[in-house]
Amino acid sequence: MRDVVIIGYGQTKFGELWESSFRDIIVEAGIKAIEDANIDGKDLDAIYVGNMSGGLFVGQEHISSLIADYAGLTPLPCTRVEAACASGSLALRSAYLSVASGHHDVVLVGGVEKMTDVVDATSAIATAADQEWEAFFGATFPSLYAMMARRYMYEYGLTIEELSMWSVIAHDHGSRNPYAQFRFKTTVEQVINAPPVAEPLTLMHCSPVSDGAAALIVCDAERAKDFVSRDDMIYIRASTQASDTISLHSRESITTLKAAKVASEKAYKMAGVTPDRIDVAEVHDCFAINGLILLEDLGFCKKGEAGKIVAQERIKIDCEDFLTVNPSGGLKAAGHALGATGIRQVGEIYWQLKGDENCRGRQAPIKHGYGITANVGGSGGTVCVHILSNNRR
Amino acid sequence: MVVRSWRHIKERYCLIGSRCKTCGRIFFPSRNICPYCRRRGELEEYKLSGRGKVYTYSVVHVPPKEFERMVPYVIAIVELEEGPRITAQIDCKPEEVYIGMPVEVVFRRIKEDGEDGIIHYGYKFKPVNY
Ligand SMILES: [Zn+2]
């Protein structure tokens, strides 16, 4: 397998982008990535796109053709990849494998979702769960994570205040990110007193409904020298994926994501690093409880300890005794445009490890040069992990 | 949508799951392959008692369209006494539910399809001695 690097990244702002269409936003992100990588459209060999449900959200399938068309990149092969909210990082993994294997040299990989065009987003999002055995009976997507939170509180004594600190920190980080959907700060009281969505979760424990697109250029490490300097290449040291049951109720434990454990253990092995060498992480906090669970499942602390670490604000950018978690604001504050999220997470780590000017005001301290992303589909039925590094080793 | 509902009548009305003759594990909803024994497994129909305990729960305030008239309602994962866990509503007030609450199955109207007007029935659970 060849070394694969990221040489460019671009994204739209995430949020309610009423003036832009589905095709506008993915083209905007793609052009920014191409410009950032200093390549030309003719250098590309293929396109991969992560998208959860163009069909339900904008009534459009066959978006692979649509995107190649509107990006002016036909007849390049374009492939759409779907795994609910993990679609983006699965597209990246597909692109990674195609370059590592030697089949392609330069690939554009995007993620996109346009969610604010539909009225009943709750029903559309619920298709990430088991339609016949969860959603049929009235389980909403937030209620699945709410049931994880309730059980976690029961098993480990997590308090609602500790859980709410996750959102407080997310908004603090998001306030420093010009691309974030929410740029206001919040308090524990405001989080707890927000309108209830699925108890014990309030609106302020939930990521928002967002429009957004993000795109990366991945490239063979040798070929990349044609386009950018060494300092502008970030290595993909691991790309892993695992699955689990689609229904939450079928799992032995609902206070851990087994697929996250399996995928991250594989990723550390593939990258040849241990969790203590990771400087910065972007984890999938579609709901605050998932942020806590992922800190544990990725090996950064023991089971049941994440609530205390978050309450002590040790995951904040400015705190040096733990790794920095979600400097972008995460899904909670930066926004969660489903299919775009996995790409946006990796894009943030790419910026962070480069010390890019886009991180001004929210640069994490980089000591060892490693960053990780964990992107979750559904209630944990798919998890995809990437480890990036700024050193050549 | 009608055919899709018929297909699940046995499971949703009679709580019939499956049991693997090889390892003895019980599954609900039923499966065609035992994930533990795979090709060595052999599955048979198995009727569940419908008694269990609340394993976890939430109170839903923001529902999908078809459930709008029921808000707020209690959704839970129930651990059946035979082992499998299932997702269902608990027919009780939001303030009454707790983890460990003994419950038993009841058959109820679940929802009405807005567009074609089909009424869907299935299981809910109610507190025991209620
Ligand atoms: Zn078996």
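Brief remarks follow.
- Residue check for A:D172: open to solvent by 10 Å² or more (accessible area, probe 1.4 Å) and either part of a helix (DSSP H, G or I) or of a type in the set (A, V, I, L, M) (or both): yes
- Output for the stretch A:205-231, where each listed residue is open to solvent by less than 60 Å² (accessible area, probe 1.4 Å), more than 19 Å from A:I47 (Cα to Cα) and not small (G, A, S): A:H205, A:C206, A:P208, A:V209, A:D211, A:V228
- B:V128 vs. criteria within 11 Å of chain A (Cβ to nearest Cβ) and of a type in the set (A, V, I, L, M): no
- The number of residues in the stretch A:108-125 being surrounded by fewer than 20 Cβ atoms within 10 Å (Cβ to Cβ), of a type outside the set (S, T, N, Q) and part of a loop (DSSP other than H, G, I, E, B) comes to 4.
The rows are residues; the columns are (1) of a type in the set (G, A, S); (2) in contact (Cβ under 8 Å) with a residue 40 or more places away in the chain; (3) over 14 Å from A:L338 (Cα atoms).
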{"site": "A:W18", "(1), (2), (3)": "no, yes, yes"}
{"site": "A:A33", "(1), (2), (3)": "yes, yes, yes"}
{"site": "A:K42", "(1), (2), (3)": "no, no, yes"}
{"site": "A:M52", "(1), (2), (3)": "no, yes, no"}
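- Once the stretch A:126-155 is narrowed to residues that are part of a loop (DSSP other than H, G, I, E, B) and at the interface with chain B (Cβ under 7 Å from one of its Cβ atoms), the residue that is nearest to the chain's Cα centre (by Cα) is A:T140.
- Taken together, B:P94, B:P102, B:P64 contain a single residue that is in contact with a helix residue (DSSP H, G or I) (Cβ under 6 Å, 6 or more places away or on another chain) and away from the ligand (no atom under 16 Å from the Cβ), which is B:P64.
- Test result for B:K53, facing chain A (nearest Cβ under 9 Å), touching a residue at least 12 places away in the same chain (Cβ under 8 Å) and either of a type in the set (K, R) or within 16 Å of the ligand (Cβ to nearest atom) (or both): no
- For the stretch A:296-348, the set of residues classified as over 21 Å from A:I25 (Cα atoms), crowded, with 23+ Cβ neighbours inside 10 Å and of a type in the set (A, V, I, L, M) consists of A:L298, A:A306, A:V310, A:I315, A:L323, A:V325, listed by residue number.
- For the stretch B:12-45, taking the residues that are farther than 19 Å from A:T245 by Cα and under 15 Å from the mean Cα position of the chain (by Cα), the one that is farthest from the ligand (Cβ to nearest atom) is identified as B:Y13.
- Taking every residue in the stretch A:96-122 that is within 14 Å of another protein chain (Cβ to nearest Cβ) and pairing it with any residue that is of a type outside the set (A, V, I, L, M, F, W, C) and open to solvent by 30 Å² or more (accessible area, probe 1.4 Å), at least 6 positions away or on another chain, the pairs with Cβ-Cβ distances below 8 Å are A:D120/B:K65; A:T122/B:K65.
The values are calculated or read from the model by the stated rules, or taken from the named source; none is laboratory data. Everything quoted here is computed from the prediction, not taken from an experiment. Virtual Cβ from ideal backbone geometry, glycine too; neighbours counted across all protein chains shown. The area values use the complete protein model at the heavy-atom level, side chains included, leaving out ligands, DNA and RNA. Shrake-Rupley method; radii C 1.70, N 1.55, O 1.52, S 1.80 Å.
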